[in-house]
1. Take the residues in the range 23-44 that are open to solvent by 40 Å² or more (accessible area, probe 1.4 Å) and either among the hydroxyl-bearing types (Ser, Thr, Tyr) or within 17 Å of the chain's Cα centre (by Cα) (or both); name whichever of them is nearest to residue 81 (Cα to Cα).
2. State all residues of the range 168-187 that are assigned to a strand (DSSP E or B), among the aliphatic types (A, V, I, L, M) and over 25 Å from residue 57 (Cβ atoms); if no residue qualifies, say none.
3. How many residues does the range 86-132 hold that are within 13 Å of residue 204 (Cβ to Cβ) and part of a loop (DSSP other than H, G, I, E, B)?
4. Kindly provide the set of residues from the range 200-227 that are in a loop (DSSP other than H, G, I, E, B) and either under 15 Å from the mean Cα position of the chain (by Cα) or crowded, with 23+ Cβ neighbours inside 10 Å (or both), ordered by number.
5. Over 22 Å from residue 219 (Cα atoms), buried (at least 18 other Cβ atoms within 10 Å of the Cβ) and either of a type in the set (A, V, I, L, M, F, W, C) or at pLDDT below 95 (or both), is that true of residue 133?
6. Counting just the residues of the range 89-120 that are buried (at least 23 other Cβ atoms within 10 Å of the Cβ) and touching a helix residue (DSSP H, G or I) at 6+ places or on another chain (Cβ under 7 Å), which one comes out farthest from residue 36 (Cα to Cα)?
7. Kindly provide the set of residues from the range 63-77 that are touching a Lys or Arg at 6+ places or on another chain (Cβ under 8 Å) and either of a type in the set (Lys, Arg) or open to solvent by 10 Å² or more (accessible area, probe 1.4 Å) (or both), ordered by number.
8. So which of 173, 169 is open to solvent by 40 Å² or more (accessible area, probe 1.4 Å) and charged (D, E, K, R)?
Amino acid sequence: MFCRLTFFACAWMLLTGTSLVAAEKSQLPLVFEDDFEQGADRWQPTDAGAWKITETDRGKVYDQFKGSKYKPPHRSPLNISLAKGARSLQVGSFVLTVKARSTCRDYGHRDMCLFFGYRDPAHFYYVHLGKKADPHANQIFIVNEADRTMITKKQSPGTPWDDKWHEVKIIRKGADGAIEVYFDDMEKPAMTAVDKTFTSGQVGLGSFDDTGNWDDFKLWGVTPDKQ
């Protein structure tokens with residue numbers, strides 16, 4: 001990507017490993033944000049009965065409070081709620097930030113998930129933020145007309161869920177397929193992957209089969225024809 005920053009800024013990023021996409025987040029247009037204070041009308045869940053707006057000490061949050069009555073066509077998460085625009089919100093390259101709080105019991109696969117490149121129930125990516133990593137947990141996955149497949153390149157031992165709020169960020173560069181996932185530490189990615197199967201699609205929130213709260217969702221991005 002052509003660097004529109006100064007020579008010294010570019011040199012600093014090369015030395016420190018800072019992502020150009022992250023550094024230029026402010027130059028990507030903010031295409032969607034939601035603090036859920038006005039409800040969740042701009043979200044499309046797989047099962048509306050599993051989601052609600054809940055009042056907390058931080059204000060209103062998007063609460064996936066029980067399991068969805070949803071059967072995906074392939075082995076993949078059951079609880080999904082997609083951000084939608086006037087039609088459907090499609091982005092290619094993007095930076096996504098959100099606050100998340102797990103509300104389920106503590107166990108090895110305690111999880112929350114983020115979705116992107118979502119085309120339909122059989123074609124999308126998702127990040128599984130699980131308490132302990134294994135081939136089926138705490139990984140970056142693709143669903144492509146088959147059960148979910150791990151594509152993680154850099155892995156972490158697990159996501160340290162407790163009952164507190166945490167910050168999550170995803171950086172996606174559609175042109176070269178780079179994916180970076182951050183948890184609390186917004187400078188060093190916890191997980192990375194590279195895949196160019198789906199260069200654009202919808203983004204969303206949820207879990208594989210657990211529960212959780214979401215707040216302060218922001219998405220900077222570009223439509224596929226402009227990335």
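1. My answer is 44.
2. 170, 171, 178, 179, 181
3. 4
4. Within the range 200-227, 200, 208, 210 meet the criteria.
5. Criteria met by residue 133.
6. So the residue we want is 93.
7. The answer is 63, 65, 74, 75.
8. 173
The values are calculated or read from the model by the stated rules, or taken from the named source; none is laboratory data. Given the structure is predicted, the values throughout are model-derived calculations rather than measurements. Cβ sites come from the backbone with ideal geometry, for glycine too, and all protein chains shown count toward neighbours. Protein only, heavy atoms only, side chains kept; ligands, DNA and RNA dropped before computing areas. Shrake-Rupley method; radii C 1.70, N 1.55, O 1.52, S 1.80 Å.
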